[in-house]
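Single-structure report; data block below.
The values are calculated or read from the model by the stated rules, or taken from the named source; none is laboratory data. Source: prediction; values computed, not measured. Cβ atoms come from the backbone with ideal geometry, glycine included; neighbour counts cover every protein chain shown. Surface areas here come from the heavy atoms of the whole protein model, side chains and all, with no ligands, DNA or RNA. Shrake-Rupley method; radii C 1.70, N 1.55, O 1.52, S 1.80 Å.
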Amino acid sequence: MNKINRKILITGGAGFIGSHVVRRLLTSYSNYHIFNLDALTYAGNLENLKDIETLANYTFIKGDITDEAFISSIFKTYNFDGVIHLAAESHVDRSITDPLAFVKTNVIGTMNLLNAAKEVWNENFNNKRFYHVSTDEVYGSLGETGLFTEDTSYDPNSPYSASKASSDHFVRSYGETYGLPYVITNCSNNYGPNHFPEKLIPLFINNIINKQSLPVYGDGNYTRDWLFVEDHAVAIDLVFHKGKNQETYNIGGFNEWKNIDLVKLLCKLMDQKLNRKQGESEQLITYVKDRPGHDLRYAIDANKINKELGWKPSVNFEEGLDKTIDWFLENQKWLDNVTSGEYKEYYSKMYK
Ligand code: NAD
Ligand code: TYD
């Protein structure tokens, strides 16, 4: 094994996207020691990392980014060379019922990391980098046309997107004010293995398996731009290593789907996989009360990252959905574990 010469902190590495980023960096850079800091909230799951948890250059740290003293102490202990910050409350619907939890983790938690990095790096920023992983939702909602570029004004509509927008602003301000070297990426909706089944695609896969109704909000004519999670992890790797300091990059799938069309495609693919009659799962579609403040459309212009760093999505949507469905069908135990207990309460409150 190569000598370890860089210590990288990844926050939120037990979550959906974070676990793919941890795996990618661990398996690509044997000279890195990866520290995964995660509070293991309902969305964090060490099962996501079973295959890599015994590697010598990996350390899991259970901890909460809202705990200022704890965050300061781990930076002093390890003196990380870089931070890739993904830990967050990430679900819009939960932000509508408990907005303060989003301010605590997404804003205060990010502040604690920024302060600890600033303190321990002490203006010696050579080869240091703070990478903040954000969302396209900070830009608000598009009409029927247009795309979000890096110059689109922030216009968040949900407590989730407002908290992410706020954290983005703080990261940028630490760059301007203290010279902290940062990069920010704003990515569109991800899907893939390990996705927690409160978000549209994994929730509907789980409900189709169990022949439960598929709650489509409003008229289903809302549009999202979907990206396979491993393509996001590749983009994060690239931006972390080759992106320019004090820059923002948009990441997207060039892959817009109206919710209702996506749900119908999912039903069709699942009927094939489960040897059900074509059309059977579509019968489960139920139109329910709309989400308040529901953004009509998100779509990313990912030309900057394409031109500057050569990144583009590699997995097309049918192939990605196919892989995702197979993963959930092969990992029924994972699904059963995360849908027991607290999940049942959440589900019955949310969809009563
Ligand atoms: P997730 O909810 O699956 O995972 C979040 C992880 O953060 C979990 O492991 C959780 O335990 C951990 N966490 C939460 N609060 C914490 C705290 N206070 N201290 C330490 N750890 C804590 O989220 P995800 O979908 O993997 O998203 C990861 C990041 O990517 C988030 O910052 C999100 O805003 C951003 N993002 C997500 C998407 C998407 O489609 N899921 C798209 C663009 C950007
Ligand atoms: P979601 O996966 O929560 O991601 P986001 O809100 O961050 O885009 O939702 C994706 C789309 O699916 C969004 O338009 C809301 C819609 N949706 C439903 O129609 N029903 C559901 O049960 C869920 C969870 C989402």
In nanometres, what is the gap between the two model label sites at residue 308 and residue 67, each 7 Å from Cα along Cα-to-Cβ?
3.6
Mind listing which trypsin sites (Lys or Arg not before Pro) in the range 177-238 are in a DSSP loop and have 16 or fewer other Cβ atoms within 10 Å?
211
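I'd like the projected area of the chain, averaged over all directions, using the convex hull of its alpha carbons. Report it in nm² with one decimal.
On the way: hull surface 68.0 nm².
Over all viewing directions, the chain projects a mean Cα-hull area of 17.0 nm².
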Which whole-number value in Å² is the accessible area per residue of the range 1-136, probe 1.4 Å?
41
Choose one answer from 41, 110, 11: the residue with the largest mean-square fluctuation in a GNM of the chain with alpha-carbon springs under 10 Å.
41
Name the residues whose placed amide hydrogens come within less than 5 Å of the amide hydrogen of residue 13, ignoring near sequence neighbours (fewer than 5 apart) on the same chain.
37
What helix-only [θ] at 222 nm does the chain give? Using -39500 (n - 2.57) per DSSP H run of at least 4, over all residues, to the nearest 500, the answer is -12000 deg cm²/dmol
What fraction of the DSSP beta bridges in the chain is antiparallel, stated in percent and rounded to the nearest 5?
10
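Name the chymotrypsin sites (Phe, Trp or Tyr not before Pro) in the range 1-57 that are in a loop by DSSP and that have at most 15 other C-beta atoms within 10 Å, would you? Intermediate results must be reported in sequence, preceding the final value.
Numbers: sites: 16, 29, 32, 35, 42; in loops: 29, 42.
Those that pass, being in a loop and sparsely packed, are 42.
Gain in length, residue 40 to residue 7, computed as 0.36 nm per residue apart minus the alpha-carbon separation, to one decimal in nm? Present the calculation step by step, with values, prior to reporting the outcome.
Values: separation 33, 0.36 × 33 = 11.88 nm, distance 2.16 nm.
Result: 9.7 nm gained on full extension.
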Residue 55 and residue 27 label points (each 7 Å along its Cα→Cβ direction) are spaced in nm at 0.8
Expressed as a whole percentage, what fraction of the accessible surface of the chain belongs to carbon and sulfur atoms when a 1.4 Å probe is rolled over the protein heavy atoms?
48
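By how many nm would the segment from residue 277 to residue 329 lengthen if fully extended, with 0.36 nm per residue of separation less the alpha-carbon distance? Mind showing how you got there, number by number?
Values: separation 52, 0.36 × 52 = 18.72 nm, distance 1.79 nm.
Computed gain between residue 277 and residue 329 is 16.9 nm.
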If the reach is capped at under 23 angstrom between alpha carbons, list the lysines near residue 211, excluding any in the same chain fewer than eight residues apart.
199, 258, 264, 268, 273, 277, 289, 323, 333, 344, 349, 352
For the chain, modelled as a Gaussian network with Cα springs under 10 Å, which listed residue fluctuates most, 140, 179, 44?
179
For the range 22-108, which trypsin sites (Lys or Arg not before Pro) are both in a DSSP coil and crowded by at most 12 other Cβ atoms within 10 Å?
50
